[in-house]
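Encoded as structure tokens, the structure appears first; notes follow it.
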């Protein structure tokens, strides 16, 4: 099994091949079946897998240590073999169920892009648009009754399906419900809003997310479920879906975008955006900052993001964690219709 895992990890499969037979072929129906099953269970099935894996690893390590203390090389080899077998099995499960999506063609292959690099002025202009939209949508996003389970939000689901179709996905995916997990405290300490489990295709969310944050976080993670492994691509897909959905989802997307832009523009531009922001959205931004500050464990946060950076690069995401901010490049260089529908190149992935 270790040999098979090595072949899968190192085989030089082309992006075009992954596009055809995995991303647009095997993966969509597999995802729909698995996520529909996991959606039936309010608890995170990932937690059961985590507990089982931890048990296997601990038992194998204990046997390895005991065999070493008794100088039994044969027993040591068996225990080490169990660890290698477990790691190989998990990698094949990861790659075959979701991980091969890291090798698909980049979303730029289907988008009509403006020539040249991203323009700093365009980022500032998009920030001004985000301020205007956040100011206008704040009241509707905080109206009693506006909150609902994201995976049951018909308008958000419909917009997400339409976005995928526009980008070349011929069959829809099954959106995942946001679940709490035993690793929720880890999300809190490291400032992570959520993730998908690539082993169970379910969405795990930070338990401290504020209501107005949840629609965009859900749509971003659905982007991952749709096979957009790259963080910027998942954000692009989720953002477009949200801004074409109901008003609370629109607000969630624009506020997320404003948060991203504030971290990228020069201090004078950031001050101008903050000054133009109305009281309500400003209070929400402060609440998000307080949420992140309240739960942060800085040392663990740095170590976690460094590890995630290495993980992304190992899976052929050259930018590592910088891929998060690349969404601004996508949004400012992609061409859109008036209703935020992306314009496409002539050729499409999966065609």
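Here are a few things to note about the model shown:
- Looking at the chain, the pairs of alpha carbons with a distance over 31 Å make up 37% of the total.
- Taking 132, 337, 231 and counting other C-beta atoms within 10 Å, the order from fewest to most: 337, 132, 231
- Ranking of 138, 220, 180 by neighbouring Cβ atoms within 10 Å, starting from the fewest: 180, 138, 220.
- Secondary-structure-derived ellipticity at 222 nm for the chain, considering helices only, amounts to -19500 deg cm²/dmol, per-run term -39500 (n - 2.57) for DSSP H runs with n ≥ 4.
- Beta bridge orientation in the chain: antiparallel %, DSSP, nearest 5: 80 percent
- Whole-Å distance, taken between Cα centres, linking region 149-176 and region 223-263: 13 Å
- For region 1-123, the spherically averaged projection of the C-alpha convex hull amounts to 12.8 nm².
- For the listed peptides 276-286, 5-15, a ranking on the average number of other beta carbons within 10 Å per residue, highest first, reads 276-286, 5-15.
- As a proxy for reagent exposure, ranking 275, 179 by other Cβ atoms within 10 Å from fewest up yields 275, 179.
Every number in this text was worked out from the coordinates using simple rules, so none of it is lab data. Computed from a prediction, not measured in an experiment: that's the story for all the values here. FYI the Cβ positions are ideal-geometry reconstructions off the backbone, even for glycines, and counts take in every protein chain you see.
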